[in-house]
């Protein structure tokens, strides 16, 4: 079946540090891949997405590249800010509009 | 655009009571999803609708849960009778038609339910 595996959190970083949150997937067909972010007390918001192999999604300094050979979609940011503290969800969509989410990774950034 | 609107934002009730959660989708969106989020199980899809018709309700935990979408502007998720294990944050999300697998889902702010 379709599934998404994310690294366990929390990930604790100092401001301006480099961020990587790992995400790997298992899917039939050719999924689209997403990163959603959830700030405290809010719903999920789309951060970035990629729809085919080797695509790079980017937004707000975050990037992720769709790697079919390693079935991965790791999230990276070169310099995190305190305001990036949130829970990050990797997700895939293989069709019929259904998203399959990972368990989420909490990021804590300290000044 | 006001985004996805959910009400109430917080609900505290006693075991056995009926709970109704409400969602107003973004105008023009054809898909509507109900999710439940808990610490133990993460984010689970309960049911989703396309053009007001339920398409997949395989995530609905049991018969105590029911969802309706009487028109394109409104959906409800009802729990009757409620139990403490139903305590969670319930999200409504909507998405436009088309685009295959690439469409973004837009989430509401959620309803935090506590069943005592």
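The values are calculated or read from the model by the stated rules, or taken from the named source; none is laboratory data. In this text the structure is predicted, and so the values were computed from the model without any measurement. Quick reminder, even Gly has a Cβ in these numbers, built from the backbone with ideal geometry, and neighbours come from all protein chains shown.
List every residue pair whose Cβ atoms lie under 7 Å apart, where the two residues are 6 or more positions apart in sequence or sit on different chains, the first residue falls within region A:73-95 and is farther than 15 Å from residue A:34 by Cα, and the second residue, located anywhere, is at pLDDT below 95 and in a strand (DSSP E or B).
Filtered contacts from region A:73-95: A:86/A:38.
Here is a check on your reading of the model: is residue B:83 more than 14 Å from chain A (Cβ to nearest Cβ) and over 14 Å from the mean Cα position of the chain (by Cα)?
Values: more than 14 Å from chain A (Cβ to nearest Cβ): yes; over 14 Å from the mean Cα position of the chain (by Cα): yes.
So residue B:83 fits the description; yes.
If I ask for residues that are more than 16 Å from the chain's Cα centre (by Cα) and either without any contact (Cβ under 8 Å) to a residue 12 or more places away in the chain or surrounded by 15 or more Cβ atoms within 10 Å (Cβ to Cβ) (or both), which ones from region A:38-56 would you list?
Of everything in region A:38-56, those that are more than 16 Å from the chain's Cα centre (by Cα) and either without any contact (Cβ under 8 Å) to a residue 12 or more places away in the chain or surrounded by 15 or more Cβ atoms within 10 Å (Cβ to Cβ) (or both) turn out to be A:41, A:42.
If we scan region B:81-88, do we find a residue that is outside any loop (DSSP other than H, G, I, E, B) and surrounded by 15 or more Cβ atoms within 10 Å (Cβ to Cβ)? Walk me through it before giving the result.
Taking region B:81-88 first, the residues outside any loop (DSSP other than H, G, I, E, B) are B:84-86, B:88.
Of the ones still in play, those that are also surrounded by 15 or more Cβ atoms within 10 Å (Cβ to Cβ) are B:86, B:88.
Yes, region B:81-88 has at least one match.
Go through (1) in contact (Cβ under 8 Å) with a residue 60 or more places away in the chain; (2) closer than 19 Å to residue B:18 by Cβ; (3) not in a strand (DSSP E or B) and name the single condition residue B:109 misses.
Evaluating residue B:109 over (1) in contact (Cβ under 8 Å) with a residue 60 or more places away in the chain; (2) closer than 19 Å to residue B:18 by Cβ; (3) not in a strand (DSSP E or B) leaves (2) as the failure.
Could you tell me how many of the residues in region A:96-108 are surrounded by fewer than 16 Cβ atoms within 10 Å (Cβ to Cβ) and free of Cβ contacts under 8 Å to residues at least 12 places away in the same chain?
Within region A:96-108, residues that are surrounded by fewer than 16 Cβ atoms within 10 Å (Cβ to Cβ) and free of Cβ contacts under 8 Å to residues at least 12 places away in the same chain number 1.
Check B:19, B:12 and return the single one that is over 30 Å from residue A:52 (Cα atoms), loosely packed, with under 15 Cβ neighbours inside 10 Å, modelled with pLDDT of 95 or more and more than 11 Å from chain A (Cβ to nearest Cβ).
B:12
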